[in-house]
Structure formats: C-alpha cells, structure tokens
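Coordinate-derived values only; no laboratory data. Bear in mind the structure is a predicted one, so any value in this text is a computation, not a measurement. Here Cβ is always computed from backbone atoms with ideal geometry, including for glycine, and neighbour counts include all displayed protein chains.
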Amino acid sequence: MVDILFRGGQIIDGTGKPGFRGDVAVADGVVALVADGIRARADRIVDVDGCIVSPGFVDLHSHGDYGILRFGHAENLLQQGCTTAVVGNCGLSLAPLPVASAASIVSQFPFVPREDRGASRFHWTTFGEYLAEVAAAGLGMNIAALVGHGTLRRIVMRSDARPADDAEVEEMTRLMDVCFDDGSVGMSTGLIYPPGSDATTSELVTLCRTIARREKLYATHVRSEADRLLEAIDEALFLAKETGVRVHISHLKAAGISNWGKVTEALAAMEQARSRGCDVTCDGYPYSAGSTTLAALLPPWATSGGAHSLRARLAEQGARAQIAEDLLREQTAWDNLYSCVGPKSISIAMCPTRPELEGQSLDDVSRRLLMPPIEALLDLLMEDPEGVLVVLHEMAEDDVKKVVCHPLCAICSDGDIRTPSRDERLHPRTYGAFTRALVGVRDGDYPISLEEMIRKMTSLPASRIRMRNRGAIQQGMSADLAIFSLEELHERCSYDSPNQCASGMRFVVVNGQMVLDDEELTEARPGRVIR
Ligand SMILES: [Zn+2]
C-alpha cells in the first residue's frame, strides 16, 4: 500500500538523462518505486498523463531569510515547483544574532518590513536557534541556510571599516565553525557590500580553509559584476585553488554595456579551473535586469558603518557632494552601477516611504521631483537608507542566455519568499524565475534540452549543498516532486505587474505530502530544515 501513485507521466529524473514514461509511487515521505505500470494499491491515484514528473526544484539563491518566517507557505516558490530554498546569500544572514549586533544585522535586510524591525521579533541568538525558529514557522518547502560573512564581520568588527587583523579573522572563523555545527550548509560573501567589501583576499583564504575542512559550500557575490568582473572571478577561483574549497559564484552577470560579453570569459575561466581540479559552479536567473538596494549604488565608503552613518554623511554638505561626485565618475575602484547602468535604466522597485514612486525610473523620479537624478537618489536614501530596492536593466540578453544555459549554472531566483501582497514592483524573478527558464526551453529561446534544464534546477543545486537524498527521482530518495504540463506553464508576472504567482504547476509534493494539489495550495506544511 502506498500513499500516492502518480500514473502515466513523463518522468524526467533530474540527472539529465532522457525522460521516460512511467509511474511514481510515494510512501512514507519517500519515492517507493519508479516503474512502468506499477500495480501497488494506493490511498490516492493521480493520473498525470501528459505531464512532466520532475524532482522538486532547488533554489540555491534565495533572500527569504525573513520571508520564510512570515510566509512559511512559500507560495511564490511552490507555484514554480520549488521544494527547497537556500537562504543566507550575498553575505547576509539573520543568524547568528547576538543582541549587541542585532540592529545592525537586521538593518541590512530590505525585506524586513519597517513595522517588524523591533528587537522583540528577533529573539534568537545562535544559528541553531534561528533554524529552530524557521522549522517552527510551518514550512511549505524545505529550507537550508548559509551563514553570511557580512553578519560574522558585523559581530566581530562592529562598524569598523577596515581589513580584519589576525585575531578578528580567527574569531570570525570560530563563529562560522559553530554555525556549521548548528546546521549551516556553507558561508556566503557579498564582496560589493560593506562590510564584506573591506575583507582582503587573505581573510577569505583563512575562512575558506575552514569551509573546505568542514566540506561546506563557499557561495560568493563576487567583488565586481561590472568593470572588474574577470578579476573578481579570478579571486574566487584563486580561493578554490589555494584552499580546496568548493566555490559557487552567485548570480553570474556582466553589468553595464561596456562589460557585456564578459560572461563568456568568466565561464571559460571557470571551465579551466575545473580542468585543473577546482570545484566551481555558479547560478543565474533568466532576466536581463538585476535588483539590489538603492544604497548599494553608492561608493562603499558612503555606506560603511550602516544606515546611521549613511544618514549622517548625507546630512553633511561636504560628504554629500563627494558622494554625488563619485557617482558621476566612470572609472572607479568599486562597481559604480549608477554610472554604468544610467538613471533611465534604474527603476524603483520598493519604496515604503513613497510607494507612489514604485515602478518609475530614477530619470522619471528626477523629473517628478524637479531635481537631478543623483539628488533625488540621495534624498530617497536620506528618508529611508535601508528600505528602498531598485531594479537595474543592466545585462545583455545574449549573456543571460549563455549563463542560464551553461552546464555549470544552476537556476536561482535571487528573490524573497512571500505571498503576493501589496503592489510593489519587486523584480519578477521572485515569482517567475524557474517557470521562465522552463518556458524559455519550451519556446526555443534556450537551446538546451528540457532534461538538461531540469538537471540545472534539481540534481546540480542539490549536490552543491551535499543534499544527497533530494534532487533526483530515485527509489528511496525523499519524495519532493514538481508535476506540470509544459504547455500550460505561464510566468504571469512582469516588471510592470510582478506581484503574481506563476501558473501551470499542477502538483507539488514535499516530503511525500501534496502541498500543491491540482494547482491549489493545500494546508500541508511538510517542509523541513536541511542541515
Ligand atoms: Zn548578491
């Protein structure tokens, strides 16, 4: 007797091998049998003729650290077929969270609504306590978490904007090691954001040695995604070579027209490193726009020390003028996304203090407020240094295609975890990245097989966090499944109207339980924390 029998689907098992027709039996949370014409008795038999039966997708790059606590259901990801998400990316994690550093760590999370920012909401201290809080949220999907290097640095160095000394690096390493004991699957860096941007390569070498020894993952938002992208990739590859750490480059991209095309060289450098024995992969999302905080457009010196310091600088005439001058410079030692993308191609995604500006470009905002775009930008930051998000139309479609189709690239959302709510203009990747990648294969935009695209959403990302019992459909593995008719998949969100879940996913199974049943969310919360 099995729990559910999916009968007559096209099974694409996640390994990349050709799909085949067959049945999948699920019992006690695992895949009990995969075969053609299973005769077992079942509590429920579901005819999935005409549907693809795939392992549930694994989103290696999520920023839903807080979202999962608010929206444990994870509707935006479930409706795309995701059954596991990895939070704690880009150097930002909500744990560990010692009381003395909590405010400064939380302030880095634009997805924490203002009304929730109070200390009482953040009552965990250790990584293990955070994971327990997540587990108690009632999870629609599985969650794994990286510890953020920026978080560790804030704890150890407070607001000091400088390289760490040996004792400080040692303390960060010790804290990280404890997080690994507590269940973290790796460490992430965000090397364009303070305080990560203050880290030297040698600091990273020390941390990576421990990550390698513990067999965890090093996921990195590299030091530049624009003019010095290739140098930044080299630094990540150097860490792999020097320490043996498994490296994962987050959301690989080349921002700004003058850098378009560089992803080809970046991918070639990764392939070469692999041929020399380095274990490196990347992820990417199928959109030519990126998204980050408005504050991330500023030179790192302006934002170092956090929101309070930024506000103080903006209030001081000399510092404000210096920021404006730096933003107009074309050659800078940091990623000047304002100058390389331009105000016409930067739009306001979320602006809690002035929601009426959401969806408008900085150029539009400038005309509306009758001031130059940079002054408008600085005024918005003065009002709200941490809550404003922007969408940057910064990449070439050809580059996106190359990254998304490359065999070393896993598909990711780089988004929040949520339920459609008020009409913010968040990047549509939050609701549509996985669906869009599949639709891209269906419609011929992405010249790879469906089996290969599904491998890049399942076994590839699962293997990066050493999640050995998920990411493929095989007897005995956890029953995480995404079942859909390829023809019916539809990414309903767009840049203008992004707050809509994707449609067409028919059934999603997490740990053997139906969380999406004939396109309807169920009440089941079978998700687990993956350690
Ligand atoms: Zn990032």
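Points to keep in mind about this one:
- Residue exposure sequence - 235, 488, 75, 115 - by fewest surrounding Cβ within 10 Å: 115, 488, 235, 75
- Centre-to-centre, using Cα atoms only, the stretch 98-126 and the stretch 185-233 are separated by 24 Å.
- Calculated FRET value between residue 485 and residue 398, using beta carbons and R₀ = 25 Å, to 0.05: 0.25
- Volume of the Cα convex hull of the stretch 392-531, divided per residue and given in Å³: 132 Å³
- Qualifying lysines (Cα of each under 30 Å from Cα of residue 344; at least 8 residues distant if same chain): 253, 262, 401, 402
- The ranking of 71, 57, 6, 434 from fewest to most other beta carbons within 10 Å of each one's beta carbon is 71, 6, 434, 57.
- Antiparallel bridge percentage (DSSP; both residues within the stretch 278-421; nearest 5): 75 percent
- In order along the stretch 220-237, phi translates into HN-Hα couplings of 10, 7, 5, 5, 8, 10, 10, 4, 10, 3, 5, 5, 5, 5, 4, 4, 4, 5 Hz, rounded to whole numbers, per the Karplus curve 6.51 cos²θ - 1.76 cosθ + 1.60 with θ = phi - 60° and x for Gly and Pro.
- As computed over the stretch 293-393, the Cα convex hull volume per residue (Å³): 84 Å³
- For the stretch 293-393, a crude dipole built from +1 on the beta carbon of Lys and Arg and -1 on the beta carbon of Asp and Glu, taken about the Cα centre, is about 60 debye to the nearest 20.
- The alpha-carbon of residue 17 sits under 18 angstrom from the alpha-carbons of these lysines, leaving out residues fewer than 8 places away in its chain: 456.
- Residue 321-residue 264 FRET efficiency (beta carbon distance; Förster radius 41 Å; 0.05 resolution): 0.55
- Reported to the nearest whole Å, the Cα centre-to-centre distance from the stretch 16-33 to the stretch 414-491 is 18.
- Footprinting exposure proxy for 227, 384 (fewest neighbouring C-beta atoms within 10 Å first): 384, 227
- Helix 317-328 axis, angle to the chain major axis (alpha carbon atoms, nearest 10°): 50 degrees
- Sum of -39500 (n - 2.57) over DSSP H runs of 4+, divided by residues of the chain (222 nm, nearest 500): -9500 deg cm²/dmol
- DSSP bridge pairs, the chain: antiparallel proportion in percent, nearest 5: 55 percent
- Across the chain, the relative contact order, built from alpha-carbon pairs under 8 Å that are at least six residues apart, equals 22 percent.
- Label point distance in nm, residue 371-residue 468, each placed 7 Å from Cα along Cα→Cβ: 5.9 nm
- The angle between the Cα long axis of helix 429-442 and the longest principal axis of the Cα atoms of the chain comes to about 50 degrees, rounded to the nearest 10.
- Diffusion coefficient (Stokes-Einstein, Kirkwood radius over C-alpha pairs, 25 °C, 0.890 mPa s) for the chain: 106 µm²/s, rounded to a whole number.
- Each Cα pair under 8 Å and six or more residues apart adds its separation to the average, and for the stretch 276-368 the resulting relative contact order is 17 percent.
- The C-alpha atoms of the chain define a longest principal axis, and helix 166-182 lies at about 20 degrees to it.
- For the pair residue 100 and residue 181, a Förster radius of 25 Å applied to the C-beta separation gives a FRET efficiency near 0.70, rounded to the nearest 0.05.
- The distance between label points at residue 21 and residue 312 comes to 7.1 nm (points 7 Å beyond Cα on the Cα→Cβ vector).
- Percent of alpha-carbon pairs separated by more than 26 Å within the stretch 121-238: 22 percent
- Extending 7 Å from the Cα toward the beta-carbon at both residue 36 and residue 242 defines two label points whose distance is 5.5 nm.
- Across the stretch 175-224, the convex hull enclosing all Cα atoms gives 72 Å³ per residue.
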